[in-house]
Amino acid sequence: MARKLPATDVVIVGLGWTGSILAHELAGSGLNIVAIERGPWRDTATDFPPAYAQDELRYHIRHDLFLRPAQLTMTVRNGVNETALPMRSWGSFMPPNGVGGGGVHWNAETWRFLPSDFQMKTHLTERYGEKFLPADMTIQDWGVTYDELEPCYDRFEYLCGTSGKAGNIKGQIQAGGNPFEGARAREYPTPPQKQPYGPTLFAQAAKEMGYKPFPQPSGNLSQAYTNPLGVTLGPCTYCGFCEWFGCGNYSKASPQTTILPALVRQPNFEARTQCEVLKINLDNSGKRATGVTYVDTSGNEWEQPADLVLLCAFQLFNVHLLLISGIGKPYDPRANEGMIGRNYSYQVTSSVDAFFDNKIFNPFIASGAIGMCIDEFNGDNFDHGPHGFVGGGYMGAVQTNGRPLQTTRTPKGTPQWGLEWKEAVAKNYLTSYEAVTHGGCCSYRDAYCDLDPTYTDRFGRKLMRITFDFHENELKMSQYLTDRLAEVVQKMGPRQFEKRPRSGPYDSTVYQTTHTCGGAIMGTDPKSSALNRYLQSWDVSNLFVLGATAFPQNAGYNPTDTVGALAYWTADAITSQYLKNPGPLVHI
């Protein structure tokens, strides 16, 4: 029996990027905020000191920053007729754990989506006709436009101090930036990072081929920066321990280095860590959330009443809590009904490995978001008509790391172990290079999340089941992008190179990216979305669901900039509309 606590104005589930932003914005409005986080509190100085933060064995191999599958996992299968099995060790994605969430261990690649990405269904149908899209593809418009989100993108980038070069300021194309990006109000807050040899060589080759290379927008800062909240970040030292690691230099934008120092000074904010929310509580009507029930590390259950519930956990856990709590109708792919769990999507990455005879790349001089990219083959920046697929991705030379345990590129034909393998690794460590593509992923009728009928967690709750596989559209896209990337790589002058396009089936045991999306998507109609354009539940109006959970499909970019922009978009809607007149913000 849960013990009931005094009520608060707002309860937030999860204290990563979105939880921190919402907590800061709403605390500033005078509301009392309680944030409940499953993992521990993490501080830069005590948890990621440079003395041991760069420990590849501890953080990358042994997953020290991540949730343990014994705490909570999910089951996975490729098709609806298969039996799903539990993930007992993380593979294709890495669920975060602790204050800061994924914002602690991300690479900090800070991309905006294209304007057409937010109106993908309408845009593609108008350009190519409805029959061009596969019959089982369930892509949708978002219900919000790029122009509406632009001020929110700007706020998140200035919170983070993002380093980059604008390509389009107020409609004027800027030399040296991404000419395909949507119009932005102003330049990035800090200039691009200095580029190592590999990205410089890639940019030179791309430019000679007629493309327009530009520096990747980066949350690893090129110089010291004080954000609008008065929090100062330091310049990146190019240590190459970004993704999977906390940054001990205060130079990677994270909740810890940008917003938490200001948030914890708010007297009306309280964080409860190592407390796991079991469910969202509803009143007898099922249309209003009354708070949450959670369990602490001693096994004590608590009920936290609240007027407003904000679901700000990792995308998959948001969907799980909605399903467990009985909010909305679970998605049924056979009937094509129900909104909770629908439109699960992922990301489609690929690479080209190149081996050189006379070039030294020093891969250890790196940061998670440094690199030179081209965007000619992203979104609908090129004519898809002759190719038979939709979607695309950016590509480039992104020098994220040269960490010793896993940077072991060897040419095709090299034995996978033994003396010859060791000699090949040593020979090619400095002289090989990997260029990458980062493609989008459309949503489909048979890709979804629901509750597993067999497996339960340690609290007796049903695990969430993921049903997902790559479709022909995405595999064609990956092959096309990888072929174009290989042409640029060949121009760089390698001795040999090897294409690595994404191939099916989806393998949950091999790391690809943590960019999982969807499951409670936003839109303009409750018949085709779980959330309205402000990320407010259609079914429970005092519940908002943040993060990539709301993406109807994934674009060909890293999602965090859009996740942060949507957090500010929702915060503005709550403070300027909802608090004045609590209830549905959109009426159908």
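The values are calculated or read from the model by the stated rules, or taken from the named source; none is laboratory data. Predicted model only: the values in this text are computed from it and were never measured. Methodologically, a virtual Cβ is constructed for each residue, glycine included, from the backbone with ideal geometry; neighbour enumeration extends over all protein chains shown. Keep in mind that these areas ignore ligands, DNA and RNA; they rest on the heavy atoms of the full protein, side chains included. Shrake-Rupley method; radii C 1.70, N 1.55, O 1.52, S 1.80 Å.
Observations
- In segment 1-16, the residues that are more than 21 Å from G39 (Cα to Cα) and of a type outside the set (A, V, I, L, M, F, W, C) reach residues that are modelled with pLDDT of 95 or more and not in a loop (DSSP other than H, G, I, E, B) with C-beta atoms within less than 6 angstrom, at least six apart or across chains, in these pairs: R3/W302; K4/E303; T8/V34; T8/A306; D9/D307.
- Scanning segment 287-311 for residues that are over 19 Å from L546 (Cβ atoms), of a type in the set (S, T, Y) and in contact (Cβ under 8 Å) with a residue 24 or more places away in the chain gives a single hit, T293.
- Hits in segment 513-540 (condition: closer than 18 Å to F317 by Cβ and assigned to a loop (DSSP other than H, G, I, E, B)): T513, T514, H515, T516, A520, I521, A530, L535, V540
- Where strands (runs of 3 or more DSSP E) fall entirely within segment 1-99, those with at least 3 residues that are within 18 Å of P261 (Cα to Cα) are at 33-36.
- Qualifying positions in segment 113-130 - open to solvent by less than 20 Å² (accessible area, probe 1.4 Å) and in a loop (DSSP other than H, G, I, E, B): F113, L114
Here's the yes/no breakdown for (1) among the basic types (K, R); (2) closer than 28 Å to K121 by Cβ:
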{"residue": "G388", "(1), (2)": "no, yes"}
{"residue": "L405", "(1), (2)": "no, no"}
{"residue": "K412", "(1), (2)": "yes, no"}
{"residue": "Q416", "(1), (2)": "no, no"}
{"residue": "W421", "(1), (2)": "no, no"}
{"residue": "A426", "(1), (2)": "no, no"}
{"residue": "Y429", "(1), (2)": "no, no"}
{"residue": "S432", "(1), (2)": "no, no"}
{"residue": "T437", "(1), (2)": "no, yes"}
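- Selection count where residues are assigned to a strand (DSSP E or B), of a type in the set (A, V, I, L, M, F, W, C) and under 28 Å from G413 (Cα atoms), scope segment 455-499: 1
- Selected residue [surrounded by 13 or more Cβ atoms within 10 Å (Cβ to Cβ), under 27 Å from S350 (Cα atoms) and free of Cβ contacts under 8 Å to residues at least 12 places away in the same chain] from L85, L65: L85
- Considering residues of segment 242-286 that are free of Cβ contacts under 8 Å to residues at least 12 places away in the same chain and touching a strand residue (DSSP E or B) at 6+ places or on another chain (Cβ under 9 Å) only, the residue farthest from T44 (Cα to Cα): D283
- R112 being among the basic types (K, R) and within 19 Å of G16 (Cβ to Cβ): no
- The strands (runs of 3 or more DSSP E) found entirely in segment 293-377 that carry 2 or more residues being at pLDDT 95 or above and under 26 Å from G391 (Cβ atoms) are 342-345, 348-355, 372-374.
- The listed residues are K252, K287, K329, and the only one of them that is within 25 Å of N558 (Cβ to Cβ) and of a type in the set (K, R) turns out to be K252.
- Within the set I365, I370, I374, I327, the sole residue that is among the aliphatic types (A, V, I, L, M) and either open to solvent by 10 Å² or more (accessible area, probe 1.4 Å) or out of contact with any strand residue (DSSP E or B) (no Cβ under 9 Å at 6 or more places or on another chain) (or both) turns out to be I365.
- Condition broken by G460, with the remaining ones in (1) of a type in the set (G, A, S); (2) open to solvent by less than 30 Å² (accessible area, probe 1.4 Å); (3) out of contact with any Leu (no Cβ under 8 Å at 6 or more places or on another chain) satisfied: (2)
- Output for segment 164-218, where each listed residue is assigned to a helix (DSSP H, G or I) and aromatic (F, W, Y): Y197, F202
- Looking across segment 17-45, the residues that are open to solvent by less than 10 Å² (accessible area, probe 1.4 Å), among the small types (G, A, S) and touching a helix residue (DSSP H, G or I) at 6+ places or on another chain (Cβ under 9 Å) come down to G19, S20, A23, A27, A35.
- The one condition in (1) touching a Phe, Trp or Tyr at 6+ places or on another chain (Cβ under 8 Å); (2) within 30 Å of Y444 (Cα to Cα) that I280 fails to fulfil: (1)
- Residue ID - most open to solvent (accessible area, probe 1.4 Å), chosen from residues in segment 131-174 that are among the acidic types (D, E) and touching a helix residue (DSSP H, G or I) at 6+ places or on another chain (Cβ under 9 Å): D147
- Criterion: closer than 24 Å to F156 by Cβ, free of Cβ contacts under 8 Å to residues at least 40 places away in the same chain and either of a type in the set (F, W, Y) or crowded, with 20+ Cβ neighbours inside 10 Å (or both) - qualifying residue of G182, G177: G177
- Counted residues, segment 403-448 - those being open to solvent by 40 Å² or more (accessible area, probe 1.4 Å), within 27 Å of L316 (Cβ to Cβ) and at pLDDT 95 or above: 2
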